[in-house]
Amino acid sequence: MAETVLLEAREIEFSYPDGTPALGGVSAGIIQGSRVAVLGPNGAGKTTFFLHLNGTLRPRRGEVRLAGERIRYDRAYLRELRRTVGIVFQDPDTQLFSANVAQDVSFGPVNMGLPPAEVREQVRQAMAATGVAHLQDRPTHSLSYGEKKRVALAGVLAMRPRVLICDEPLAFLDPQGQEELIELLEAESRRGTTVVIATHDVNLAYAWADQVLVMAAGKVIGTGRPQEVFQTAGIMQQAGLPTPWILEVYRELERQGWAAGGSPPRRKEELLALIRQAGC
Ligand SMILES: Nc1ncnc2c1ncn2[C@@H]1O[C@H](COP(=O)(O)OP(=O)(O)OP(=O)(O)O)[C@@H](O)[C@H]1O
Ligand SMILES: [Mg+2]
């Protein structure tokens, strides 16, 4: 199947108003329907890059394209863009502002002008998917951090975006919450949504992503399939990233002669099957 670039950044450059340089010519293409993990140290520019993808920030140079068309920055266009490209912020406190959870999750669909029955249904589904239905009458300020993160995600899902961008979705979730969130991202991806996440979790990025984008100091220093990027020592060193454990175990198996080259496994189950097969 031909790959379509849905969202594209071309040589974007950006500095914050106080003069801090954040992006120094970022180019990246996001394939429709793919799962993309953006990695890189603190301050690399991941969040700044995301904020360009839905027009919240405007590049000083370069451009962002959606389905081949250069995005515009007029109100009407941005409104449409933000429902196509939904961002769940790193810090949920910057996202939640309604009095209670149900109102917060409804905000997007109501603003889109959907009929009340559709709003109710989309909100119900989004709250069920994120496991926050039981919190619907709670004031948002009284929620735990992890609960806030789920509610923020529900608010974006309720708009049914074509591209779902999650900035550090796993941060501050408990282990079960992390598992559930990964499941949810899988489910969204299966529905055909293009899912982009920023994460510091190399193991998740390795096992989950179709495409990995590594950033450092405001630039993309490597991109490609996880098996390639995570085996390119130069990229990993420059970004200060550790090797995913599955890859490390696999390399040891290769060194010991128990694995015969080929494509390394990406999931724990595949690695275990390989070990059983080798009888080691
Ligand atoms: N509002 C702001 N004003 C000034 N500088 C900013 C602002 N937000 C971010 N920066 C700077 O821009 C650069 C990129 O920051 P950004 O938040 O995009 O990095 P990041 O990769 O998301 O980091 P993290 O992993 O910590 O979330 C950093 O040097 C940061 O200090
Ligand atoms: Mg960030």
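The values are calculated or read from the model by the stated rules, or taken from the named source; none is laboratory data. Here the structure is a predicted model, which is why all the values come from computation and not from measurement. When we count neighbours, we look across all protein chains shown, and the Cβ atoms used for this are built from the backbone with ideal geometry, even at glycine.
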Query raised in the report: In this structure, is L7 surrounded by 21 or more Cβ atoms within 10 Å (Cβ to Cβ) and more than 16 Å from ligand 2 (Cβ to nearest atom)?
Result: yes
Query raised in the report: Given the residues L213, L241, which is the only one that is assigned to a loop (DSSP other than H, G, I, E, B) and within 19 Å of G45 (Cα to Cα)?
Result: L241
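Okay, residues lined up against (1) in the same structural domain as K148 (by TED's automatic domain parsing); (2) modelled with pLDDT of 95 or more; (3) aliphatic (A, V, I, L, M); (4) away from ligand 2 (no atom under 13 Å from the Cβ):
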position: L23; (1), (2), (3), (4): yes, yes, yes, no
position: R35; (1), (2), (3), (4): yes, yes, no, yes
position: G40; (1), (2), (3), (4): yes, yes, no, no
position: L53; (1), (2), (3), (4): yes, yes, yes, yes
position: P59; (1), (2), (3), (4): yes, yes, no, yes
position: R65; (1), (2), (3), (4): yes, yes, no, yes
position: I71; (1), (2), (3), (4): yes, yes, yes, yes
Report task. Would you be able to say whether some residue in segment 3-11 is under 28 Å from A187 (Cα atoms), outside any strand (DSSP E or B) and at pLDDT 95 or above? Result -> no
Query raised in the report: Restricting attention to segment 76-96, which residues are of a type in the set (D, E) and under 21 Å from L7 (Cα atoms)?
Result: E80
Query raised in the report: Do we have I182 as within 16 Å of ligand 2 (Cβ to nearest atom) and either among the hydrophobic types (A, V, I, L, M, F, W, C) or in contact with a strand residue (DSSP E or B) (Cβ under 6 Å, 6 or more places away or on another chain) (or both) here?
Result: no
Query raised in the report: Somewhere in segment 249-264, is a residue charged (D, E, K, R), more than 16 Å from ligand 1 (Cβ to nearest atom) and surrounded by 16 or more Cβ atoms within 10 Å (Cβ to Cβ)?
Result: no
Query - Residues of segment 201-210 classified as crowded, with 20+ Cβ neighbours inside 10 Å and either assigned to a loop (DSSP other than H, G, I, E, B) or touching an Asp or Glu at 6+ places or on another chain (Cβ under 6 Å) (or both), total - result: 1
Report task. Name the residue, out of I235, I246, I275, that is touching a Phe, Trp or Tyr at 6+ places or on another chain (Cβ under 9 Å) and under 14 Å from Y206 (Cβ atoms). Result -> I246
Report task. Would you check if there is a residue in segment 132-139 being touching a strand residue (DSSP E or B) at 6+ places or on another chain (Cβ under 6 Å) and within 15 Å of V196 (Cα to Cα)? Result -> no
Report summary line: When segment 47-83 is checked residue by residue, the ones that are small (G, A, S), within 27 Å of S106 (Cβ to Cβ) and either near ligand 1 (Cβ under 10 Å from one of its atoms) or surrounded by 15 or more Cβ atoms within 10 Å (Cβ to Cβ) (or both) are G55
Requested in this report: From (1) touching a residue at least 12 places away in the same chain (Cβ under 8 Å); (2) within 19 Å of the chain's Cα centre (by Cα), pick out the condition that doesn't hold for E179.
Outcome: (1)
Query raised in the report: Here is a list of conditions, (1) part of a loop (DSSP other than H, G, I, E, B); (2) within 16 Å of ligand 2 (Cβ to nearest atom), and F97 meets all of them except one; can you say which number that is?
Result: (2)
**Report entry** Options G261, G192, G257: the member that is in a loop (DSSP other than H, G, I, E, B) and in the same structural domain as C166 (by TED's automatic domain parsing)
**Finding:** G192
Query - Test: residue in segment 36-46 that is assigned to a strand (DSSP E or B), within 12 Å of ligand 1 (Cβ to nearest atom) and touching a residue at least 40 places away in the same chain (Cβ under 8 Å) - result: yes
Report task. Confirm whether A198 is in contact with a helix residue (DSSP H, G or I) (Cβ under 8 Å, 6 or more places away or on another chain), among the aliphatic types (A, V, I, L, M), crowded, with 20+ Cβ neighbours inside 10 Å and not assigned by TED's automatic domain parsing to the domain that holds Q178. Result -> no
